[in-house]
Structures are given as C-alpha cells and as structure tokens.
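**Student:** Okay, handing you the structure first.
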Amino acid sequence: MAPTGSCGAVRPRYPERMGPWDVPDFGHVLDVAARLALAAALGAVLGVEREVRGKAAGLRTHMLVALGAALFTVSIVEVGGSDEALARVVQGLATGIGFVGGGAILKEPNAQHVHGLTTAAGIWLTAAVGLGVAIGRPWIAAVGTLLAVTITALIGRLAGPGPGDHAGGA
C-alpha cells in the first residue's frame, strides 16, 4: 500500500523531485488512471437517474463533475501537497461546486415553488464522490453513491415531490 498523509490520502510512491514531464512507474500511472475512471463511473451512476428523468444535469454533467473533482484532488496528492493544501482543494471544490449547483436552482416569480434543489445537491454530492475516490478511499465514495441513488431513485418515488420539488422531482 502507498504511504498516506495524516488525513489518510494516499500519497505518491515516487520521489518528490520528479520533473513535470517525468512519468512514474507504469503501475502508479494505472492506479491514478483507475481512480479517475472510477470517479467518472460513479458520477455516471449518479447521473443516470437524472438523465432518465430528463434533467438538465444528467449523465455527462455528473461524470464530468466527479472526474473534475478527482482530477483537482489527485493532482495535489500527486505533487506531494501537504494536508493543508489538500484541505484547501476540498474547500475550493465544495464552494465552487456549490456555486455551480446554485445556478441550477430556480424560483418561479409569483410562486412558492423552487426548482433544481435536488439537482444542485446531486452535483455537490457528485464532487464529493470524485474527491473520495481521488484520495484513495473508493469505498467511501461507493457507499455515498449507493446512499444517493437510494435517496434519489427509491425514496423520491415513494415519498413523491417535496415542498421544494416540482412534480416528478427536482
């Protein structure tokens, strides 16, 4: 197993003095590629339900959000960034993706209905899934994905639309 920082993020296995164009051993490249691919795949799992429901943020959006979050995160881990640097990336992702998700929320004028809350929450959660995979904790991302699918697909159908949802979900 690769060394970890105090926050538990899996750290690179190669010397810290590698240049920007130096490639680590092939096994390590495959490990990073697998993390990025898994982040995109879990994003796809989250995006399928939204795609089927015809939401604006569907399959591709969720895949790209998860992959982007993973790429930002794994990049800091790979350059040997400190736990504090990793924490700043996490803070930036949470804030930035929250802003992106905020763009999905619409309030109808002259109405009490707010649309897009579930979509915004899903985008935010998808970034967290990508981050979990990138730090080398794919089981956390998988459990989060399973819970999110349960909430959006099963509970959403059983409970029906909530006060902030329009008919058919947000």
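The values are calculated or read from the model by the stated rules, or taken from the named source; none is laboratory data. On a predicted model such as this, the values are computed, not experimentally measured, just so you know. With ideal geometry, Cβ positions are generated from the backbone for all residues, glycine too; neighbour counts draw on all protein chains shown.
**Student:** Quick one: is Gly80 out of contact with any strand residue (DSSP E or B) (no Cβ under 6 Å at 6 or more places or on another chain) and either under 21 Å from Trp139 (Cβ atoms) or among the aromatic types (Phe, Trp, Tyr) (or both)?
**Tutor:** Details: out of contact with any strand residue (DSSP E or B) (no Cβ under 6 Å at 6 or more places or on another chain): yes; either under 21 Å from Trp139 (Cβ atoms) or among the aromatic types (Phe, Trp, Tyr) (or both): no.
Against the criterion (out of contact with any strand residue (DSSP E or B) (no Cβ under 6 Å at 6 or more places or on another chain) and either under 21 Å from Trp139 (Cβ atoms) or among the aromatic types (Phe, Trp, Tyr) (or both)), Gly80 does not qualify.
**Student:** Using the structure shown, decide if Thr126 is among the polar types (S, T, N, Q), in contact with a helix residue (DSSP H, G or I) (Cβ under 8 Å, 6 or more places away or on another chain) and at pLDDT 90 or above. Spell out the reasoning first.
**Tutor:** Details: among the polar types (S, T, N, Q): yes; in contact with a helix residue (DSSP H, G or I) (Cβ under 8 Å, 6 or more places away or on another chain): yes; at pLDDT 90 or above: yes.
Taking the combined requirement at face value, the residue satisfies it.
**Student:** Okay, next question. Within region 89-105, how many residues are loosely packed, with under 13 Cβ neighbours inside 10 Å and not small (Gly, Ala, Ser)?
**Tutor:** Residues in region 89-105 being loosely packed, with under 13 Cβ neighbours inside 10 Å and not small (Gly, Ala, Ser): 3 in total.
**Student:** Does any residue of region 80-98 turn out to be of a type in the set (Asp, Glu), under 20 Å from Ala34 (Cα atoms) and within 20 Å of the chain's Cα centre (by Cα)? Talk me through it step by step, then tell me what you get.
**Tutor:** The first filter runs over region 80-98 and keeps only residues of a type in the set (Asp, Glu), leaving 83-84.
Keeping just the survivors that are under 20 Å from Ala34 (Cα atoms) gives none.
No, region 80-98 has no match at all.
**Student:** Also: Please verify whether region 106-114 includes one or more residues that are among the charged types (D, E, K, R), touching a strand residue (DSSP E or B) at 6+ places or on another chain (Cβ under 8 Å) and more than 29 Å from Gly19 (Cβ to Cβ). If you could, list the steps in order and put the result at the bottom.
**Tutor:** Within region 106-114, the subset among the charged types (D, E, K, R) is 107-108.
Add one more test, that the residue is touching a strand residue (DSSP E or B) at 6+ places or on another chain (Cβ under 8 Å), and what stays is 107-108.
Then drop every residue that is not more than 29 Å from Gly19 (Cβ to Cβ), which leaves 107-108.
Checked against the condition, which is being among the charged types (D, E, K, R), touching a strand residue (DSSP E or B) at 6+ places or on another chain (Cβ under 8 Å) and more than 29 Å from Gly19 (Cβ to Cβ), region 106-114 yields at least one hit.
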